[in-house]
1. Can you compute the equivalent ellipsoid semi-axes for the stretch 20-89, i.e. the square root of 5 times each eigenvalue of the Cα gyration tensor, sorted largest first and rounded to whole Å?
2. Label points 7 Å out from Cα along the Cβ direction at Y78 and L56: separation in nm?
3. Would you calculate the volume per residue, in Å³, of the smallest convex hull containing every Cα atom of the chain?
4. Compare H64, H35, H82 in a GNM of the chain, Cα atoms joined below 10 Å, and give the one with the largest fluctuation.
5. Tilt of helix 10-22 relative to the longest C-alpha principal axis of the chain, in degrees (0 to 90, nearest 10)?
6. Tell me which cysteines of the chain come out unpaired when the rule is another cysteine's Cβ under 4.7 Å.
7. May I ask you to list the trypsin sites (Lys or Arg not before Pro) in the stretch 23-95 that are in a DSSP loop and have at most 13 other Cβ atoms within 10 Å of their Cβ?
8. Hey, got a sec? Which GluC sites (Glu not before Pro) in the stretch 1-86 land in a DSSP loop and have at most 16 other Cβ atoms within 10 Å?
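Laboratory data are not the source of any read-out in this text; all were calculated from the coordinates shown. Everything numeric here is computed off the predicted structure, so don't read it as measured data. Cβ coordinates were reconstructed from backbone atoms using ideal geometry, including for glycine residues, and neighbour counts include every protein chain displayed.
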Amino acid sequence: YNLTSRSGGEESFVSMLRRCRAAGVDVYVDAVFNHCAGGSGLGVGGSRYGNRSFPLFGPSDFHHDEDQLLSNCIVKDYTNKHEVQYCDLMQLPDLCTGCEHVQATIATYLNRLASLGVTGIPIDA
């Protein structure tokens, strides 16, 4: 994961963590891992994305239609458990969080955040 935002890069983030810790302020990173950006373009950190391809994830890392890596069902019925868990939400590709590569990539990211000194990481759905 590229720790770059409109507020700066990883070095700035680590500096902020140190300043917060010195001031007695805890920093929590809110993490959401169920979808990636829809459409295509250039991210804030300079990474290109689109067509269900991202710097760390490719089409096979997302839920997809059978035999069609570049398309997936869309959530239409929020009471339908299968749609909510496996279909794309509002054109956002749905990560296959049950897939080994996705799990390993997320674990690496969470371990990196912990090594940088964040206090905690709540994970949202």
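1. Details: eigenvalues 182, 72, 18 Å².
So the three semi-axes of the stretch 20-89 are 30, 19, 10 Å.
2. About 2.8 nm separates the two model spin labels.
3. Values: hull volume 14.1 nm³, N = 125.
So the per-residue hull volume is 113 Å³.
4. With Cα springs under 10 Å in the chain, the top fluctuation among H64, H35, H82 is at H82.
5. 50
6. Result for the chain is C20, C36, no neighbouring Cys Cβ within the cutoff.
7. On the way: sites: R48, R52, K76, K81; in loops: R52, K76.
Within the stretch 23-95, the qualifying trypsin sites (Lys or Arg not before Pro) (loop, at most 13 other Cβ atoms within 10 Å) are K76.
8. On the way: sites: E10, E11, E66, E83; in loops: E66.
When the GluC sites (Glu not before Pro) of the stretch 1-86 are filtered for loop state and at most 16 Cβ neighbours within 10 Å, E66 remain.
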